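The values are calculated or read from the model by the stated rules, or taken from the named source; none is laboratory data. Given the structure is predicted, the values throughout are model-derived calculations rather than measurements. In this analysis, Cβ positions are derived from the backbone assuming ideal geometry, glycine residues included, and neighbour counts consider all displayed protein chains. Please note that ligands, DNA and RNA were not included when accessible areas were found on the heavy atoms of the full protein model with its side chains. Shrake-Rupley method; radii C 1.70, N 1.55, O 1.52, S 1.80 Å.
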Amino acid sequence: MLPPGQQSQVGEGLQTSLSLVSSDPRLSLEEHRSNTGNLRESPTESASSREIWPMAAAIKKESVSGADKITLHDVARERVDVVYEKMLHLPCEFLDELKNGLRVILEGGNGSQHREEFFILQKLVQSRADLTTKTLVRTHRVQLEILVAINTGIQGFLHPSINLSQASLIEIFLYKRCRNLACRSQLPAEDCTCETCANGNGFCNLCMCVICSKFDFEVNTCRWIGCDLCSHWTHTDCAIREQLICMGPATQNGTGPSEMVFKCQACNRTSELLGWVKDVFQHCVMSWDGEALIRELDFVSRIFHGSKDPRGRKLHWKSDDLKENLRSGKVESKAACKAILMVFKELELDSQKTLENAESESERLIAPQEACNRISEVVHEAVRNMEMVANEKMRMFKKARLSFDACERELAEKAREAGELNMDRQKKKLEIEELERIVRLKSAEADMFQMKANEAKRESERLQRILLAKSDKSEEEYTSNYLKQRLSEAEAEKQYLYEKMKMQETSRLSQSSGGGDPLMFSKIHDLLYSVPPNADGPSNDCHPFRKNP
């Protein structure tokens, strides 16, 4: 059984297909979060779906004023025309940094903080009713790319090498075109009218899983299961989780033998799985390396884990055996490929023998004892199957119990941490109140000391004025006393000289007959004239022995 054909669309060097033809995984882009409305993750993610972004060159930052800046929340919240006008005046470097900031959030490198921030942005965008075709036509290119990336959760729309037209971006935003960059089919794809494709949530039956609505670029693998009738695709992990892989008749009328079948959630019809797995291995097994072969054998083992059909059980056991031998290095990958192909041939021969035996047995009558033995075997087989199911249920119950206990412990730990945080918060609050009280006290003390300092400054200025006045008065008194002292000394000396001159004059007159001593007279004259004048004393005009020049 070959899988349903898929139409591959090539754009910007990207190609994807879910058929069994070869494809280059290096041409894949990452689908970071293909359905943000459904948060369930597939247990295994394709390694080829991890997109590698180029290293961003150093961007020369230009100065942008605070009024002109714009944030991701502004793009998600503000009106289209307002954001458009702002972006027209912003440099390209700033817009590239804005896109890189959203890319970092979508990558989720900061864990829960980035996820919460993305959910807030997505809620803002998806709650807006003004984002219609009429308004989105008038958006800025970067603004539209950011809105589409937030709405879809795919960072590929921010990649510098992706250059979709504005019309395509608008259709992707409004769920009219597939958001898979390698598909981009018009929705609903192939004009499908089923409920899954017609609900208008952006689902594409060419590349997305019916259950989780996610897409990746895993091709030529048992990771995907295709429906034989409606050509819709489902992740193997999602089908196992939703119990869509089970025992049932291979034909729709329910008359065929019971085997492992897949029930498509889109059309509610069943497809047999053994032929599907056989076709995948026959077309692709020789191109797989050891790790890929182990991964595919693990898918086969989990698909046929609960098989009650002898062929399914044999395939399950053989897959487990080859998987363990590959991991331990007992068998090489080429030998394992040949062995698994041989198993499918043996299963085909067993199927033919079973049909022949069934036809021959139907032609002859069965003895009562043989019929009882067969019934007994069927009953024993049913009991064994029930025991296997019971053991599996018990194992699942124990696992769930352990998970529940772990959650309880984690909840108790979180409650304890919350209590400690609350206590720390109360303690910090008391410390803040104490610090505020100390600040108020210190502020009052500072005001009091400032007031005292002002009073001391005024007192100092008053004392300084008094000191200056006292100093001036003391200087005047000292000068006056000094001058008076000098004046009294001069007067005394003057009086002394005057008396002496008078005596000499008398003696000169008495000796006038003898001619006198002219030298003595000259010295006395000079001595009289050498006395310094007194400012407060009599002037030279009234001095009886001094003449003005």
- Item | Peptides 210-222, 490-502, 464-476, 303-315 ordered by average Cβ neighbours within 10 Å, highest first | 210-222, 303-315, 490-502, 464-476
- Task: Place +1 on the Cβ of every Lys and Arg and -1 on the Cβ of every Asp and Glu in segment 437-500, take the dipole about the Cα centre, and give the residue among ASN454, ALA469, GLN485 whose Cα lies farthest towards its positive end.
- Result: ASN454
- Over segment 68-174, give the accessible area per residue in Å² for a 1.4 Å probe, as an integer. 45 Å²
- Local electrostatic count at CYS264 - Lys and Arg +1, Asp and Glu -1, tallied over other residues with Cβ under 13 Å: -2
- Could you give the dipole magnitude of segment 68-174 about its Cα centre, charging the beta-carbon of Lys and Arg +1 and that of Asp and Glu -1, in debye to the nearest 20? 260 debye
- Straight-line reach from LYS429: which lysines have Cα under 30 Å away, leaving out those fewer than 8 places along the same chain? LYS414, LYS442
- Note on the structure: So, with points 7 Å from each Cα along the Cβ direction, the GLU387-ARG77 label distance in nm works out to 6.5 nm
- Query: What is the extension gain from HIS114 to GLU459, computed as 0.36 nm multiplied by their sequence separation minus the C-alpha to C-alpha distance, in nm to one decimal?
  - Reply: 117.6 nm
- Which residue, chosen from GLN113, ILE150, ASN180, occupies the Cα position most advanced towards the positive end of the dipole of segment 63-187, where the dipole is computed from +1 (Lys, Arg) and -1 (Asp, Glu) charges on Cβ about the Cα centre? ASN180
- Item | Accessible surface of segment 68-174, 1.4 Å probe, proportion on carbon and sulfur as whole % | 52 percent
- Message: Counting only Cα atoms, I'd like the Rg/Rh figure for segment 397-450, Kirkwood definition for Rh.
- Response: 1.56
- Per residue, accessible area of segment 197-244 with a 1.4 Å probe, heavy atoms of protein chains only, in Å², comes to 24 Å²
- A correct Stokes-Einstein calculation for segment 63-183, using the alpha-carbon Kirkwood radius, 25 °C and 0.890 mPa s, returns a whole-number D in µm² s⁻¹ of 168 µm²/s
